[in-house]
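Asker: Quick one: the structure is below, and I'll ask about it shortly.
The values are calculated or read from the model by the stated rules, or taken from the named source; none is laboratory data. Fair warning: this is a prediction, and the values are worked out from it, not measured in the lab. Methodologically, a virtual Cβ is constructed for each residue, glycine included, from the backbone with ideal geometry; neighbour enumeration extends over all protein chains shown. Calculation scope for accessible area: heavy atoms of the full protein, side chains included, ligands and nucleic acids excluded. Shrake-Rupley method; radii C 1.70, N 1.55, O 1.52, S 1.80 Å.
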Amino acid sequence: MSLDIQKFLKETAPFSLLPEKEIKFISDNLQLDYIPKDEVLLEENQYPDYLCIIIKGAFVLKKEGKIVEFLEVGDFFGDTSIIFEEPQKFLVKAVEDSIILLIPKEIFKKILEDHPEFKEFFTKTTINKLTEGYKKIQTGTLEDISLLTIKEFRLKPPIFCSEEETISQIARKMSENNLSYCLVGNKNNLSGIITDKDLKNKVLAAGKDPNSLTVSQIKTYPVETIDADKFLFEAILKMIRKNIKRLPVIENGAVIGVIEDRDIFIHQSRNILYLTNQIEVENDLNILRDLYVSVEEAIEPLFKTGKDIEILQKYIAEINDRFVQKAVKLSLKELEEELDFSFIVFGSEGRKEQTINTDIDNGIIYTDKKNREKILKLGEKVIEKLLKIGFPECPGKIMASNPVWVKSLDHWKKTVEDWITRPDAINIMYISIFFDFRNVYGNEELTKDLRKHIFKLIKTNKSFLVFMTLKTLEFEPPIGFFRDFIVEKSGEHKDELDLKKGGIFPIVQGVRILALENEISETNTIDRIRKMKDKIGENLSEELIESFKFMQALRLRNQIEKLKKGKQPDNYINPQKLSKFERDLLKDAFKVVKKFQEMLGVHFRLRV
């Protein structure tokens with residue numbers, strides 16, 4: 001029996017972290033106990049003498065007569081009371097005939113003292129465990145510096161000058177510091193930038209005297225900047241979009257350094273910058289299709305970098321944006337028309353939460369109603385090109401080739417007003433898809449105008465948010481009374497559960513509702529949560545973010561595995577194919593979803 005116990009401990013976290021001799025020491029000093037069904041093992045406020053590990057059967061934890069937790073094989077109890085030397089907070093009762101291992105508290109404390117990583121397992125919060133969980137899902141050794149945050153990258157120092165300094169002084173200052181730029185103003189107040197290009201084009205080429213010319217006469221303003229917490233690929237994309245070579249980096253309102261494109265090139269030549277440049281310069285749809293395929297193929301290696309799933313999804317969204325922009329540009333060139341419009345994406349692409357092989361919901365907002373036929377033609381051409389590039393066709397025809405999703409700004413305003421004032425099942429579905437819209441190409445002011453109109457409508461239609469919340473609360477996490485997973489009983493997805501429907505969607509929808517209430521313009525779910533931490537609560541916000549990331553990582557890994565097997569990727573997973581660690585974390589994530597739904601219910605006075 002001792003050998004079997006050692007094997008059990010070796011396969012059970014966190015005992016699997018311990019060396020062989022420690023596992024043998026524990027197994028030589030523990031006891032086995034049989035607990036019949038319905039027997040109470042520990043009472044509330046009792047001090048336990050043992051760490052208890054379940055090797056057969058199941059238990060419930062009860063507080064004031066109510067079940068708060070279900071424990072199964074591999075779970076343990078008594079740890080918190082022993083570590084913090086406090087009485088048991090829950091009654092522990094067997095719900096099946098059970099067998100447990102009893103590790104004396106003196107031995108448990110000694111192991112905790114000798115092995116910090118073992119102790120850390122017991123003292124981690126749910127947030128810490130979920131963070132560790134999604135990182136473990138993304139195993140691998142590949143690295144891509146574009147997935148660093150900007151403050152993790154080596155920045156150039158900022159040097160400053162005043163408006164009154166002469167160009168000769170600035171040129172000397174740049175040369176002495178071996179820099180190709182000088183910032184105008186100070187770290188807390190930028191009023192311009194001067195670059196080596198300015199010196200060549202505005203001074204030397206223009207034949208002007210650098211001794212008499214001042215900074216104020218040739219500086220570039222306003223200055224494009226970027227926050228230090230943004231990802232490196234976002235800086236790269238901004239440089240491409242703005243056709244600039246450097247960006248001052250801002251942290252807490254002050255300039256902390258400057259990032260330059262040539263520094264990035266030195267570190268890595270084939271990254272997102274290479275790919276976006278290729279999309280930008282290429283006009284052949286067949287080659288663009290090859291690039292699209294290369295993006296699909298690159299997702300698994302990028303996933304295995306172990307970097308944050310949030311970064312990876314934003315990466316995918318930015319690349320998709322590039323393809324959409326290229327399709328629009330090629331279509332406009334064919335039409336030879338000057339049109340005022342905004343090409344928008346919504347759904348998961350609007351939130352920058354795409355995974356793989358998914359269609360892009362899109363539409364168009366335009367100004368001049370006389371141009372409707374031309375705009376409709378544009379929409380058809382854009383979708384035709386996106387399909388040729390390789391994007392899947394939306395089964396619901398939520399595309400710019402469908403006139404339903406191409407409207408003038410005034411028409412869109414009337415449409416969303418109808419959705420908000422008549423929130424039936426169909427309109428709720430449209431709202432869930434459309435209200436995460438963002439501009440990808442064209443006049444962004446049109447999207448801003450429409451969003452302001454939506455916020456104004458919601459202010460005068462408060463019952464709309466209540467109705468939306470009611471519908472959201474219908475999507476309950478697939479976890480039963482005893483923390484068992486609720487799976488499909490038959491059919492194609494027998495023994496599987498829908499991770500999107502039961503976990504991801506309730507978070508997305510609930511956060512969207514709060515974002516609409518609080519007039520938050522961000523469309524990404526995690527960005528929205530961060531903006532509303534004071535409304536949601538610091539701890540619940542962090543739990544939501546980590547639960548969301550964990551489920552998204554689990555979903556993407558599952559989709560990659562299905563693609564490898566030649567299957568169509570979907571949102572279904574079989575929980576029994578997960579490790580026990582992953583199953584426990586998924587249960588924790590579903591518990592966070594339930595907690596969030598309770599918070600929504602109370603907030604909108606649907607629950608007490």
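Asker: I'd like the full set of residues that are among the hydrophobic types (A, V, I, L, M, F, W, C), at pLDDT below 90, over 19 Å from residue 583 (Cβ atoms) and surrounded by 14 or more Cβ atoms within 10 Å (Cβ to Cβ), limited to the range 83-97.
Answerer: The answer is 83, 90.
Asker: Next up: In the range 418-430, what count of residues is obtained for those that are open to solvent by less than 60 Å² (accessible area, probe 1.4 Å) and in a loop (DSSP other than H, G, I, E, B)?
Answerer: Residues meeting the conditions: 1.
Asker: Shifting gears a bit: So which of 316, 364, 311 ends up being outside any helix (DSSP H, G or I) and of a type in the set (A, V, I, L, M)?
Answerer: It is 364.
Asker: Looking at (1) farther than 30 Å from residue 338 by Cβ; (2) open to solvent by less than 30 Å² (accessible area, probe 1.4 Å); (3) of a type in the set (Gly, Ala, Ser), which is the one condition that is false for residue 463?
Answerer: (2)
Asker: Please work out which residue is nearest to residue 111 (Cα to Cα), limiting yourself to the range 1-48 and to residues that are of a type in the set (Ser, Thr, Tyr) and open to solvent by less than 30 Å² (accessible area, probe 1.4 Å).
Answerer: Here is the first cut: in the range 1-48, the residues of a type in the set (Ser, Thr, Tyr) are 2, 12, 16, 27, 34, 47.
Applying the additional criterion that residues be open to solvent by less than 30 Å² (accessible area, probe 1.4 Å) yields 12, 27.
Details: 12: 15, 27: 13 Å.
Selected residue: 27.
Asker: Does residue 486 satisfy being open to solvent by 60 Å² or more (accessible area, probe 1.4 Å) and within 26 Å of the chain's Cα centre (by Cα)?
Answerer: yes
Asker: Scanning the range 197-226 for residues that are of a type in the set (Gly, Ala, Ser) and touching a residue at least 40 places away in the same chain (Cβ under 8 Å), which turns out most open to solvent (accessible area, probe 1.4 Å)?
Answerer: 212
Asker: Take the range 390-412 and flag every residue that is in a helix (DSSP H, G or I) and buried (at least 20 other Cβ atoms within 10 Å of the Cβ). Please lay out each step first, then the result.
Answerer: Step one: of the range 390-412, the residues in a helix (DSSP H, G or I) are 403-405, 409-412.
Scanning the range 390-412 gives 405, 409, 412.
Asker: Please indicate, with yes or no, whether at least one residue in the range 431-450 is under 28 Å from the mean Cα position of the chain (by Cα), surrounded by 15 or more Cβ atoms within 10 Å (Cβ to Cβ), among the aliphatic types (A, V, I, L, M) and in a loop (DSSP other than H, G, I, E, B).
Answerer: Within the range 431-450, not a single residue is under 28 Å from the mean Cα position of the chain (by Cα), surrounded by 15 or more Cβ atoms within 10 Å (Cβ to Cβ), among the aliphatic types (A, V, I, L, M) and in a loop (DSSP other than H, G, I, E, B).
Yes/no per residue for (1) modelled with pLDDT of 90 or more; (2) of a type outside the set (Ser, Thr, Tyr):
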{"position": "111", "(1), (2)": "yes, yes"}
{"position": "126", "(1), (2)": "no, no"}
{"position": "136", "(1), (2)": "no, yes"}
{"position": "141", "(1), (2)": "no, no"}
{"position": "148", "(1), (2)": "no, yes"}
{"position": "152", "(1), (2)": "no, yes"}
{"position": "160", "(1), (2)": "yes, yes"}
{"position": "164", "(1), (2)": "yes, yes"}
{"position": "175", "(1), (2)": "no, no"}
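Asker: When the range 170-196 is examined, which residues are found to be assigned to a helix (DSSP H, G or I), open to solvent by 10 Å² or more (accessible area, probe 1.4 Å) and either touching a residue at least 40 places away in the same chain (Cβ under 8 Å) or among the small types (Gly, Ala, Ser) (or both)?
Answerer: Result: 171, 175.
Asker: Continuing with this model, one more query. Determine if the range 151-159 includes at least one residue that is of a type outside the set (A, V, I, L, M), touching a Leu at 6+ places or on another chain (Cβ under 7 Å), open to solvent by 20 Å² or more (accessible area, probe 1.4 Å) and not in a strand (DSSP E or B).
Answerer: yes
Asker: Then there is this: Does residue 415 qualify as being without any contact (Cβ under 8 Å) to a residue 40 or more places away in the chain, β-branched (Val, Ile, Thr) and open to solvent by 40 Å² or more (accessible area, probe 1.4 Å)? Lay out the reasoning, then the answer.
Answerer: Details: without any contact (Cβ under 8 Å) to a residue 40 or more places away in the chain: yes; β-branched (Val, Ile, Thr): yes; open to solvent by 40 Å² or more (accessible area, probe 1.4 Å): no.
No: the conditions fail for residue 415.
Asker: In the range 371-380, is there at least one residue being hydrophobic (A, V, I, L, M, F, W, C), assigned to a helix (DSSP H, G or I) and closer than 23 Å to residue 569 by Cα?
Answerer: Quick first cut of the range 371-380, residues hydrophobic (A, V, I, L, M, F, W, C) only: 375-376, 378.
Next, from what is left, pick out any that are assigned to a helix (DSSP H, G or I): 375-376, 378.
Next cut, closer than 23 Å to residue 569 by Cα only: none.
No, the range 371-380 has no match at all.
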